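**Student:** Below is the structure I would like to discuss, written out as structure tokens.
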Amino acid sequence: MTRGLITQFAIAAAVLVALGVATWALGWMMRRKEAWSRSILAHVCRLAGLTLIVLTLRHAVFLTLDLDWAPKIGSETVNIITAVAVGLVWLRELFQLINRLTHAQIRKGSDPTSARAVARALKAAAVCLILLIFGEHFGIGLSGLLAFGGIGGIAIGMASKDVLSNIFSGVMLFFDRPFRIGDWVSSPDRNIEGTVVEIGWRITKIITFDHRPLYVPNAVFSAISVENPGQMTNRRIKTTIGLRYEDADRLQPIVEDIRAMLKKNEKIDQDQTLLVYFDAFAGSSLNIMVYCFTKTTRWAEWLEAQQEVYLAIIAIVHGRGADFAFESQTLYIEKS
């Protein structure tokens, strides 16, 4: 081994150590400081450092190939491996930047569904860009990619029509927006009910109310009805109060008192339908229908408002000297 070759090996080793330390330090700072992790300049610097490391290793490999005892590897093979390594480094860095920018937008209040859909589109564009940049090393140019997209696309489409159907349905879910991440959805056609936590390319992940993950292919949503209680504007209180027949003379004031109580209740939305009427002669009771809507859509708050209304109704009925009916039968026995 000549002195010049040793010098070149030493310089390459020194450059590798310097680049490795600088890249590690930059990555450590990006993990510790959130602003650095979202900085495009920081990612570009780390990308440049990793790329230089790969190119320096390539140079060291070429130096090694000049030695007599080194294995005989063609330069084209080394160039292909280098192109693959650089492409993977670029792709990894772009994916990390897109993920961090997506999480930052979600924390700022952006719609998670839109943010993740845009992130997937950017990742797909990044893959295409890397293929266009480094594809020449494998004999794949723009015309080759277009030809593969035409011929290979037909074959792939015939072999995986269900997968493509799910992907296209996922795209339509993004544009139609029947639900978003965080919405509570249910289907009367299928046993599907829970909270949407992820809308992927192929499947939608739903966490059921017993905390079990449910994975639904996106194509299913194009063939079923989906209810989205998560987007409702109000929750409804609907009940029937049954009073005894002997309280018939107290029925009118009880109806008026209940209606007045609901109109004064701040938790009841006065802009929505509010109905309190005597509406049926039942077998054992005189029925009063109560129908109104709360301002809140949260389940716990709605239960609290409903409980408050029910307790007030009990107080009104007892305050008027009446009572609630229960199912009963009267038996008349004729003396022989």
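The values are calculated or read from the model by the stated rules, or taken from the named source; none is laboratory data. Computed from a predicted structure; not experimentally measured. Don't worry about glycine lacking a Cβ; one is built from the backbone with ideal geometry, like all the others, and counts go over all protein chains shown.
**Student:** Return the residues of the stretch 224-261 that are more than 38 Å from the chain's Cα centre (by Cα) and hydrophobic (A, V, I, L, M, F, W, C); say none if nothing qualifies. I'd like the intermediate steps shown before the answer.
**Tutor:** Going through the stretch 224-261, the residues more than 38 Å from the chain's Cα centre (by Cα) turn out to be 240-261.
Passing the criteria: ILE241, LEU243, ALA248, LEU251, ILE254, VAL255, ILE258, ALA260, MET261.
**Student:** Okay, moving on. For the stretch 200-223, what are the residues that are basic (Lys, Arg), surrounded by 14 or more Cβ atoms within 10 Å (Cβ to Cβ) and over 12 Å from the mean Cα position of the chain (by Cα)? Reasoning before the result, please.
**Tutor:** Here is the first cut: in the stretch 200-223, the ones basic (Lys, Arg) are 202, 205, 212.
Then keep just the ones that are surrounded by 14 or more Cβ atoms within 10 Å (Cβ to Cβ); that gives 202, 205.
Of everything in the stretch 200-223, just one residue is basic (Lys, Arg), surrounded by 14 or more Cβ atoms within 10 Å (Cβ to Cβ) and over 12 Å from the mean Cα position of the chain (by Cα), namely ARG202.
**Student:** Then there is this: Out of ILE258, ILE254, ILE288, ILE316, which single residue is in a strand (DSSP E or B) and either aliphatic (A, V, I, L, M) or on the phi < 0 side of the Ramachandran plot (or both)? If you could, list the steps in order and put the result at the bottom.
**Tutor:** On the way: ILE258 fails: in a strand (DSSP E or B); ILE254 fails: in a strand (DSSP E or B); ILE316 fails: in a strand (DSSP E or B).
Selected residue: ILE288, the only one of ILE258, ILE254, ILE288, ILE316 that is in a strand (DSSP E or B) and either aliphatic (A, V, I, L, M) or on the phi < 0 side of the Ramachandran plot (or both).
**Student:** Would you mind stating whether THR204 is in contact with a Leu (Cβ under 6 Å, 6 or more places away or on another chain) and not assigned by TED's automatic domain parsing to the domain that holds LYS123? Break it down into steps so the answer makes sense when it comes.
**Tutor:** On the way: in contact with a Leu (Cβ under 6 Å, 6 or more places away or on another chain): no; not assigned by TED's automatic domain parsing to the domain that holds LYS123: yes.
So THR204 fails the test.
**Student:** Considering only helices (runs of 4 or more DSSP H) fully contained in the stretch 87-181, which possess at least 2 residues that are in the same structural domain as CYS45 (by TED's automatic domain parsing), at pLDDT 75 or above and under 19 Å from VAL196 (Cβ atoms)?
**Tutor:** 112-134
**Student:** Here is a follow-up. Counting only residues that are polar (S, T, N, Q) and modelled with pLDDT of 90 or more, how many does the stretch 205-242 have? Walk me through how you get there before you give the answer.
**Tutor:** Restricting attention to the stretch 205-242, the residues satisfying the condition of being polar (S, T, N, Q) are 208, 218, 222, 225, 228, 231, 233-234, 239-240.
Going one step further and asking which of them are modelled with pLDDT of 90 or more, we end up with 208, 234, 239-240.
Selection size over the stretch 205-242: 4.
**Student:** Being part of a strand (DSSP E or B) and over 18 Å from THR297 (Cα atoms) is true for just one of VAL216, VAL220. Which residue is that?
**Tutor:** Working: VAL220 fails: part of a strand (DSSP E or B).
Result of the check over VAL216, VAL220: VAL216.
**Student:** More than 23 Å from ASN166 (Cβ to Cβ), surrounded by 15 or more Cβ atoms within 10 Å (Cβ to Cβ) and touching a Cys at 6+ places or on another chain (Cβ under 7 Å) - does that describe any residue in the stretch 238-259?
**Tutor:** No - not one qualifying residue is present in the stretch 238-259.
**Student:** Still on this structure: Within the stretch 230-247, can one find any residue that is within 30 Å of PHE281 (Cβ to Cβ), of a type in the set (D, E, K, R), in contact (Cβ under 8 Å) with a residue 12 or more places away in the chain and out of contact with any strand residue (DSSP E or B) (no Cβ under 6 Å at 6 or more places or on another chain)?
**Tutor:** Yes, there is a match, as at least one residue in the stretch 230-247 is within 30 Å of PHE281 (Cβ to Cβ), of a type in the set (D, E, K, R), in contact (Cβ under 8 Å) with a residue 12 or more places away in the chain and out of contact with any strand residue (DSSP E or B) (no Cβ under 6 Å at 6 or more places or on another chain).
**Student:** Condition check: touching a Lys or Arg at 6+ places or on another chain (Cβ under 9 Å) and surrounded by fewer than 18 Cβ atoms within 10 Å (Cβ to Cβ). Does GLN231 satisfy that?
**Tutor:** Details: touching a Lys or Arg at 6+ places or on another chain (Cβ under 9 Å): yes; surrounded by fewer than 18 Cβ atoms within 10 Å (Cβ to Cβ): yes.
Against the criterion (touching a Lys or Arg at 6+ places or on another chain (Cβ under 9 Å) and surrounded by fewer than 18 Cβ atoms within 10 Å (Cβ to Cβ)), GLN231 qualifies.
**Student:** Applying the selection to the stretch 261-283, what residues are touching a residue at least 12 places away in the same chain (Cβ under 8 Å) and part of a helix (DSSP H, G or I)?
**Tutor:** MET261, LEU262
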